[in-house]
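Here's the structure, in structure tokens; my notes come after.
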Amino acid sequence: MAEEYVVQMKKIEKVYSNGVAANQGVDFNLKLGEIHALMGENGAGKSTLMKMLFGMEQPTSGEIVINGEPTVLSSPSVAISKGIGMVHQHFMLVPSLSVAENMVLGMAPRKGIFIDKAKAIEITKENAEKYNLHVDPEMRVADIPVGMKQKVEILKALIRGAKILILDEPTAVLTAQETEELFRELTHLKQQGYTIVFISHKLNEIKEITDRITIMRNGRSMGVYETKDVTKEEISRLMVGRDVVLNVQKDEAKPGETILSVRDLEYLNEWNKKMLDKVSFDVRKGEILGIAGVEGNGQKELVDMLFGFARPMAGTATVEGKPIIAKGQQEIRELGVSLIPEDRMLYGIAGNATIEENFISDRCNAKNLNKGPLFDMKAIHNLSEKLVEDYKVLCKSPEQQVGMLSGGNIQKVVVAREFSNNPKLILANQPTRGIDVGATEFIRKKLVELSRSGIAVLLVSADLAEVMELSDSLIVMHNGKIVAYFDDTKKLSDEEMGEYMLGLKEMSPEEIRRVCHD
């Protein structure tokens, strides 16, 4: 019955000025005190739908009803006033400010012209206790673990009066232990009558924490289901329109000679924090070496050193014996290194350029794509059409602007370029972050296929299931150090991995030394 719904989105249509229809006649309803999953591939329309519920965008047509009243959510501030809060996948926190200062931004208590910091700390402590979301109000946000940042964001929304919480990929960077803790806190909120929208691609978590699921595909709702009544396979099929292989299939690795050799890398960030502390390891031909760790423990900085985005304070790295530290990206590429960057929009593509232009951006000087001083446009068109077909990029044509594609298809453009240039070493940093189950399945299969063809792969992923399933051997980083090394991932549990990732356990230096294959 309609009165049981705290939110009703009726026949929502969203058509952009370029004619793209992001939502087509979508109904989305939320009950009081439920955790409701919103699922779909990237480009399915779920983000657009939630942006309209949070007032960030306006529907072309349709009606939004909040607590029985038709409502125009003309801005996020209007949505907040109606009790709607949104926690974005990428946290909206100011790193240089304390937790308490972030908590009261825009509504800060004052002492004259200054912020009343004592009052801000008191407000934070009271609400942390009330909602069972324990944070340290006096710590600087830059220094707190990612799990606490998630809590700060949720608390920020609750302090502003949110009764309906939209959580976008809330566990994307959490360990098993942090996820378990978050789920306890969400269940506590649910029991207090809060309604939660849980956007995620992680099917195990959806099954564990949610009550109902709305599944979207191509801008339309594929139906609403009681979570307990549908299997993970059925959810995948409804999202993608075909059967999806949820577990990675791979042959035993047969590692060859060392391709990448890293020794004693050290790096201090701008806040003088040691992000790399004598990091040493090898990646061999034909193997996937995974790096697991809570984000912020040196993984990003390591990849930055290896691809010339930054220079370490000390240490060496070589590809087939040739130094790569402090080299330019083009020089590193010429040694056979490819990169899937952590942030595809910032480092992976030129959003205003075409798919075709992005495909050739790393090989403009290639002989097979040039006729004297001019590009061989026929060869470029042929290459682009082949990559679109081989990597299943959904687009109108290779001439389409890449920034207009869904996140999953943008990632496929990046992957197609990086995998097709005969690499010896692939640095894969969060290769499936924020993309749908279909694109994820495709990219994981390609990584395994390439490694088994003899390419060395260094995989960095915050997705614990991904890094454990794909990796042949695995290192764990905590506080910039390698704290564990496993040459066999088959017997590892999520809980054991989480203990190393959180710094609760650490192998001895003698055990870890095996990572160098000495």
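Data table
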quantity	calculated
Residue list for the range 416-445, restricted to those being in contact with a strand residue (DSSP E or B) (Cβ under 6 Å, 6 or more places away or on another chain) and in a helix (DSSP H, G or I)	E418
Criterion (at pLDDT 95 or above and charged (D, E, K, R)) met by exactly one of E69, E4, E57, E34	E34
Output for the range 468-495, where each listed residue is at pLDDT below 85 and under 24 Å from E205 (Cα atoms)	T489, K490, K491, L492, S493, D494, E495
The range 430-444 residues that are closer than 16 Å to E389 by Cα, paired with ones that are part of a helix (DSSP H, G or I) (beta carbon under 6 Å, 6 or more apart)	G438/V240; A439/G408; I443/V415
Any hit, the range 59-67, residues being of a type in the set (D, E, K, R), closer than 20 Å to L38 by Cα and either in a strand (DSSP E or B) or in contact with a helix residue (DSSP H, G or I) (Cβ under 6 Å, 6 or more places away or on another chain) (or both)	yes
Conditions (1) part of a strand (DSSP E or B); (2) modelled with pLDDT of 95 or more; (3) buried (at least 19 other Cβ atoms within 10 Å of the Cβ); (4) not basic (K, R): number failed by M275	(2)
Selection within the range 99-126 - under 26 Å from E295 (Cα atoms) and either more than 25 Å from the chain's Cα centre (by Cα) or free of Cβ contacts under 8 Å to residues at least 12 places away in the same chain (or both)	A100, E101, V104, L105, T124, K125
Residue check for A439: crowded, with 19+ Cβ neighbours inside 10 Å and over 30 Å from K322 (Cα atoms)	yes
Residue pairs meeting the criteria (Cβ under 6 Å; at least 6 apart or on separate chains; first over 21 Å from M39 (Cα atoms), in the range 169-184; second modelled with pLDDT of 85 or more and not hydroxyl-bearing (S, T, Y))	T175/M501
Only listed residue being of a type in the set (A, V, I, L, M, F, W, C) and either surrounded by fewer than 21 Cβ atoms within 10 Å (Cβ to Cβ) or within 25 Å of V467 (Cα to Cα) (or both), chosen from I154, I166, I159	I159
Residue within the range 219-235 that is assigned to a strand (DSSP E or B), out of contact with any Cys (no Cβ under 7 Å at 6 or more places or on another chain), assigned by TED's automatic domain parsing to the domain that holds M313 and of a type in the set (K, R) present	no
Single unsatisfied condition, I196 versus (1) surrounded by fewer than 18 Cβ atoms within 10 Å (Cβ to Cβ); (2) over 27 Å from E499 (Cα atoms); (3) among the β-branched types (V, I, T)	(1)
Qualifying residue in the range 185-201 (condition: under 25 Å from the mean Cα position of the chain (by Cα), at pLDDT below 90, of a type in the set (D, E, K, R) and part of a helix (DSSP H, G or I))	no
Subset of the range 450-467 that is modelled with pLDDT of 95 or more and not hydrophobic (A, V, I, L, M, F, W, C) - its residue that is surrounded by the most Cβ atoms within 10 Å (Cβ to Cβ)	S451
Any hit, the range 19-27, residues being assigned to a strand (DSSP E or B), closer than 24 Å to G193 by Cβ, touching a residue at least 60 places away in the same chain (Cβ under 8 Å) and acidic (D, E)	yes
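Here is a yes/no grid of residues against (1) within 30 Å of M404 (Cα to Cα); (2) touching a residue at least 60 places away in the same chain (Cβ under 8 Å); (3) out of contact with any Phe, Trp or Tyr (no Cβ under 6 Å at 6 or more places or on another chain); (4) of a type in the set (G, A, S):
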| residue | (1), (2), (3), (4) |
| --- | --- |
| V294 | no, yes, yes, no |
| L302 | no, yes, yes, no |
| A317 | no, no, yes, yes |
| Q329 | yes, no, yes, no |
| L369 | yes, no, yes, no |
| L383 | yes, no, yes, no |
| V388 | yes, no, yes, no |
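The values are calculated or read from the model by the stated rules, or taken from the named source; none is laboratory data. What you see is a predicted model, and the numbers here were worked out from it, not measured in a lab. Here Cβ is always computed from backbone atoms with ideal geometry, including for glycine, and neighbour counts include all displayed protein chains.
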